[in-house]
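Here the structure comes first, spelled out in C-alpha cells, and everything after it is commentary.
We did not get these values from a lab; they are worked out from the coordinates using the rules stated. Being a predicted model, the structure only gives us computed values, none of them experimental. Note that we place each Cβ from the backbone using ideal geometry, even for glycine, and neighbour counts take in every protein chain shown.
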Amino acid sequence: MLMSASLLYAGHDTSLRTDLNFSYKFNEKYRAVSYVFVQANDEMSNYDYTEWGAGLQYQTPAAWLSFLAYYQQGYSKDDDGHWALEQKPSINLNLSKIFFNFKIFNQIRYEYRITPDWNDARIKNTLNISRPDLFLQPYVGWELFYENHDKAVMLNRIKVGINKNIGAHVLVGPYFRMDFSNVNSRWEWTRQLIGLQMTINY
C-alpha cells in the first residue's frame, strides 16, 4: 500500500510453478525433508528452471526451535538451451510458535552458493503466518534475500496461498507470489508467480 504507482505498474514476468514436498519423521528428534519444483518463466512459456533439495531436521527439546541441514541443486537454462548448475548447501534456524490460533514460522538460512562463475554466501529469511486449524488453511509469507556477492538485500517476495488437508498425510493448495528485485538500487516488481504445491508428511 505504501508503494508508488510506478512500482506497482512496472513491467514484470509471469511464471508458473509446481512444488512437491516430502518429509518423514524418524522419531521425536529427527525428520528427513526434501522437495523438488519445476518453473516456467517468460509468461509461463519457457520451462527454464528446476530445483531439488534434501536435508535433515533436528528438533530441540524446546518445541519452538529446530535446526535443519540442507543441500540444494538448481538448474537454469540459458538462451542457447544449455543448463547451468548451482549448488547451495545451507544451515537453517527454524522458529515456530502459535499465538491465538495463528501459527508463526520464521526460518533464517545461511547458504553458500556455488555457481559456474562465482561462489559466495547468501542469507535468506522466511516468515510465514498461517491458520492450520481451519478447514481451508490460509497463509501469508515474506522472504528476504541478502546476497554477500552484491553486499545488499537483492530480493523481497510476498506470498499468499490456501492449503487443504487431503487425508492424514497430504496437504495441497494454490498460491500467488510477487517478487521485488533490487535493480540499480531501486526496487522493481520483476515477477508474479502462480504456483501449486503438494506436501506429503509421514
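Some values worked out for this structure:
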| quantity | calculated |
| --- | --- |
| Fraction of alpha-carbon pairs over 16 Å apart in region 79-118 - percent | 61 |
| Distance cut-off 27 Å, percentage of C-alpha pairs in the chain lying past it | 33 |
| Ellipticity estimate at 222 nm from DSSP helix runs (n ≥ 4, -39,500 (n - 2.57)) divided over the chain, nearest 500 | -500 deg cm²/dmol |
| Nearest-20 debye value, region 89-202 charge dipole, Cβ charges on Lys, Arg, Asp, Glu | 320 |
| Under 5 Å, built H, 5+ apart or other chain: amide partners of residue 121 | 113, 148, 149 |
| Net charge over other residues, Cβ less than 14 angstrom from the Cβ of residue 196 (K, R count +1; D, E count -1) | +3 |
| Environment charge of residue 137, counting only residues whose C-beta is closer than 15 Å and scoring Lys/Arg +1, Asp/Glu -1 | +3 |
| Anchor residue 159: lysines whose Cα lies under 23 Å away (excluding residues fewer than 8 positions away in-chain) | 88, 97, 103, 124 |
| Cut-off under 5 Å, modelled amide H: who pairs with residue 15 long-range | 192, 193, 194 |
| For region 172-197 versus region 97-149, the gap between their alpha-carbon centres in whole angstrom | 14 |
| Given 16 as the ceiling on other Cβ atoms within 10 Å, longest exposed-site-free region of the chain for trypsin sites (Lys or Arg not before Pro) in DSSP loops | 30-150 |
